[in-house]
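Structure first, commentary second.
Values quoted throughout were computed directly from the atomic coordinates according to the rules given, and no laboratory measurement underlies them. Small disclaimer: the values here were computed from a predicted structure and weren't measured. Glycine also receives a Cβ, built like all others from the backbone with ideal geometry; neighbour counts cover every protein chain displayed.
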Amino acid sequence: MKVCVLGGGHGCHAAAIDLFEKGHDVTWWRRDREPHARLRELGALHVTDYRGKRTVPLGDAPGAIRLTDDLAAALRGARLVVVPLPAVSHDTLAAQV
């Protein structure tokens, strides 16, 4: 399923990775370009959790979490939108959608 994760905090990182590892086609949006630019340069997130260590690919290629700061592009075609952001940010974000 095509899924969009909105935001850039710890919960957003976890949601994007978890959904991707469950086989979903994930696009991850942040309003600011700089943090995703750094992640794009790395090409992957290195994850350590109760399942051990692994690498999750990031980028535009198939089989990777796509990163974007374009909200319309992130939402296009998404069947599920996940917003693991603090409630105080929801009104501002909803106005942009």
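Would you order 3, 88 from fewest to most other beta-carbon atoms within 10 Å of each residue's own beta-carbon?
So the residues, fewest neighbours to most, are 88, 3.
Taking a label point 7 Å from the Cα of residue 18 along the Cα→Cβ vector, which residues of the range 67-94 have an amide N closer than 13 Å to it?
Of the residues in the range 67-94, 82-85 have backbone N under 13 Å from the label point off residue 18.
Based on DSSP H runs of at least 4 residues, each adding -39500 (n - 2.57), what is the mean residue ellipticity at 222 nm of the chain after dividing by all its residues, to the nearest 500 deg cm²/dmol?
Mean residue ellipticity at 222 nm (helix-derived): -9500 deg cm²/dmol.
Measure nothing but the geometry: give the 0 to 90° angle between the long axis through the Cα atoms of 10-21 and the longest principal axis through the Cα atoms of the chain, rounded to 10°.
Roughly 60 degrees between the two axes.
Report ³J(HN,Hα) in whole Hz for each residue of the range 82-96, in order, from the Karplus equation J = 6.51 cos²θ - 1.76 cosθ + 1.60 where θ = phi - 60°; Gly and Pro get x.
Once θ is set to phi - 60°, the couplings for the range 82-96 become 10, 10, x, 10, x, 4, 5, 9, 5, 4, 4, 5, 4, 5, 7 Hz.
If you line up the long axis of helix 33-42 against the longest principal axis of the chain, both from Cα atoms, how many degrees apart are they, to the nearest 10?
On a 0 to 90 degree scale, this one is about 10.
Mean separation of Cα pairs under 8 Å and 6+ residues apart, divided by the residue count of the range 2-96: what relative contact order is that in percent?
Relative contact order, the range 2-96: 37 percent.
Tell me the trypsin sites (Lys or Arg not before Pro) within the range 52-97 that lie in a loop according to DSSP and have at most 10 other beta-carbon atoms within 10 Å.
Here the trypsin sites (Lys or Arg not before Pro) that fit, given the DSSP loop and packing criteria, are 79.
For the chain, what value does the Rg/Rh ratio take when both radii are computed over Cα atoms and Rh is the Kirkwood radius, given to two decimals?
Answer for the chain: 0.94.
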